[in-house]
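The values are calculated or read from the model by the stated rules, or taken from the named source; none is laboratory data. Quick caveat, the model's predicted, so the values are computed rather than measured. No Cβ is skipped: glycine too gets one built from the backbone with ideal geometry, and neighbour counts run over all protein chains shown.
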């Protein structure tokens, strides 16, 4: 029996393409401090992978086939997955607003949860998992409009800049879609950073990301001897290490023996960044770049090819926000975030998409049946 609410049904009519369009619309409304962070979060928790696992006959077998390691289940990280977003500071308020919005949507039709939001008919997409009968109508404003309206309402109530809430609100919508509204409501809704870091202004965070290490009075004479700081958790004052000019992020991380890394995460065999092959063959060392992407060497041919095969990102940008740490050479201080899992799922997801596209073409343009002659 399907116990999904109207709000969940509405969300589940949005596939990867719909979400990509939504994020493109929202991008200009997101504060600079969370612009990269929001893109990174959606790369860390890809909707197509979630759906593939949900639809699999044997979920565990598919996870093993895709070499998924670590915690890739968003339902286990409802309050923590977005800790690296500045907007995480407002998570309790956003979470509460989402729950109220979902409840009101269920009572009065999706789109009625926020004051001033109009309605329009939502038509099911060909790939939807929740077909709607011709007698049923689900009313809703667009996904982007709902996110913006809810962020605006929370901003007014909390007396904060609306742009600081757009990214985290989008994250909350996707979290409901993947974790389910019931699990979402059960999460405590706590802020997972200490008071000292929570007090930082967005401008202060941006300044810290942009700052480079001083190389001393004669620093301009240094070449390969330059040293740069890599911050891998902006909410932990001890979460940083040094590396040399043009050293890749993974090699630099290996020199950090300040903690028992394997006890924290079995994938971390040396240093805070999980590593295995160091040759862009395994995908273990992927990271998100919050600040300083321009200070990393351009993506090389191998990194560009493999990062797409792994499924992490599909872009021709020379300095994207998702990198393989074993390939990304630093030419300045950078701030990164490390995902709690890794895998190799890009080829599999593309094969599913190609199969869906072929099915859609067959439905849209059925081949005419061969004519048979009637013999008198």
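Table: residues versus (1) in contact (Cβ under 8 Å) with a residue 60 or more places away in the chain; (2) part of a helix (DSSP H, G or I); (3) in contact with a helix residue (DSSP H, G or I) (Cβ under 6 Å, 6 or more places away or on another chain).
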position	(1), (2), (3)
161	yes, no, no
167	yes, yes, yes
170	yes, yes, yes
177	yes, yes, yes
182	no, yes, no
185	yes, yes, yes
189	yes, no, yes
193	yes, no, no
196	no, yes, no
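To keep it simple, each residue is scored yes or no on (1) under 30 Å from residue 281 (Cα atoms); (2) surrounded by 20 or more Cβ atoms within 10 Å (Cβ to Cβ); (3) touching a residue at least 60 places away in the same chain (Cβ under 8 Å); (4) not assigned by TED's automatic domain parsing to the domain that holds residue 338.
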residue: 29; (1), (2), (3), (4): no, no, yes, yes
residue: 80; (1), (2), (3), (4): yes, no, yes, yes
residue: 92; (1), (2), (3), (4): no, no, yes, yes
residue: 104; (1), (2), (3), (4): no, no, no, yes
Checklist entry - How about the range 239-354: which strands (runs of 3 or more DSSP E) wholly inside it have at least 2 residues that are within 21 Å of residue 207 (Cα to Cα)? => result 240-244, 286-291, 334-337
Checklist outcome for this item: residue 18 passes all but one of the listed conditions (1) touching a helix residue (DSSP H, G or I) at 6+ places or on another chain (Cβ under 8 Å); (2) surrounded by 18 or more Cβ atoms within 10 Å (Cβ to Cβ); (3) under 20 Å from residue 150 (Cβ atoms); the exception is number (2)
Next on the checklist: Take the conditions under 18 Å from the mean Cα position of the chain (by Cα) and within 24 Å of residue 247 (Cα to Cα) and apply them to residue 299. Does it pass?
Outcome noted: no
Checklist entry - What number goes with the only condition from (1) assigned to a helix (DSSP H, G or I); (2) more than 15 Å from the chain's Cα centre (by Cα) that residue 49 does not pass? => result (2)
Checklist entry - What number goes with the only condition from (1) more than 20 Å from residue 312 (Cβ to Cβ); (2) free of Cβ contacts under 8 Å to residues at least 12 places away in the same chain; (3) crowded, with 18+ Cβ neighbours inside 10 Å that residue 262 does not pass? => result (3)
Checklist entry - Only one of 69, 11, 53 is buried (at least 16 other Cβ atoms within 10 Å of the Cβ), at pLDDT 95 or above and more than 18 Å from residue 175 (Cα to Cα); which? => result 69
Checklist entry - Is it fair to say residue 72 is in a loop (DSSP other than H, G, I, E, B) and touching a helix residue (DSSP H, G or I) at 6+ places or on another chain (Cβ under 9 Å)? => result yes
Next on the checklist: Given the criteria surrounded by fewer than 17 Cβ atoms within 10 Å (Cβ to Cβ), within 25 Å of the chain's Cα centre (by Cα) and either under 27 Å from residue 315 (Cβ atoms) or touching a residue at least 60 places away in the same chain (Cβ under 8 Å) (or both), does residue 294 qualify?
Outcome noted: yes
